[in-house]
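Only the coordinates and a few stated rules stand behind these numbers; no lab work does. Note that the structure is predicted; figures quoted are calculated from it, not measured. Reconstructed Cβ throughout: ideal geometry from the backbone, glycine too, with neighbour counts over all protein chains shown.
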């Protein structure tokens, strides 16, 4: 799906987006409806905080909107958004790391459901936090966003071999960490 500048959909080229009718704003609104939840989840998984993930997703959409306002075409808006979410998450994690300065991370107690079994999804999310950044990015893009190796390589700006190596190491680390939690 190729999306042109937002103003191009109005009767008056370059009109301010605030004054466009719902029909005229259609492509960007549809893009937001179709991809926001996925981008917020991606950011939440990368950051280990779904509220922060929503912030990152909103920032990614704002940047896409600004780009479209400048009448710049975006060949693949979903890929642009994914790449932006990953990059914004990296930046946020770097800032957090600087702020914490080796403050130890404390894992929450093992969550248990009503039958006494460990809730798998929460445990896996907690384990993701312990992966190195690049491994976590590759794992989230592959297993939560269901991207191919080539798509992951494009988003992370690395080659496919590096993607496979990150995923292999991530699987080994996650397996070891989950075994320790039993």
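With label points built 7 Å along Cα→Cβ from the Cα atoms of residue 95 and residue 146, find their separation and express it in nm.
3.2 nm
Please work out the FRET efficiency for the pair residue 70 and residue 50, using the Cβ-Cβ distance as r and a Förster radius of 22 Å; give the result to the nearest 0.05.
The value I calculate is 0.10.
Between residue 157 and residue 181, what is the FRET efficiency for a Förster distance of 30 Å, r being their Cβ-Cβ separation, to the nearest 0.05?
Between residue 157 and residue 181 the formula returns 0.35.
Given R₀ = 41 Å, what would the calculated FRET efficiency be for residue 58 paired with residue 164, taking r from the Cβ atoms and rounding to 0.05?
0.80
Which length gain, in nm to one decimal place, applies between residue 79 and residue 133 when the Cα-Cα distance is subtracted from 0.36 nm times their residue separation?
Contour length minus the Cα-Cα distance gives 17.5 nm.
Order these by the 10 Å Cβ neighbour count, fewest first: 173, 51, 84.
51, 173, 84
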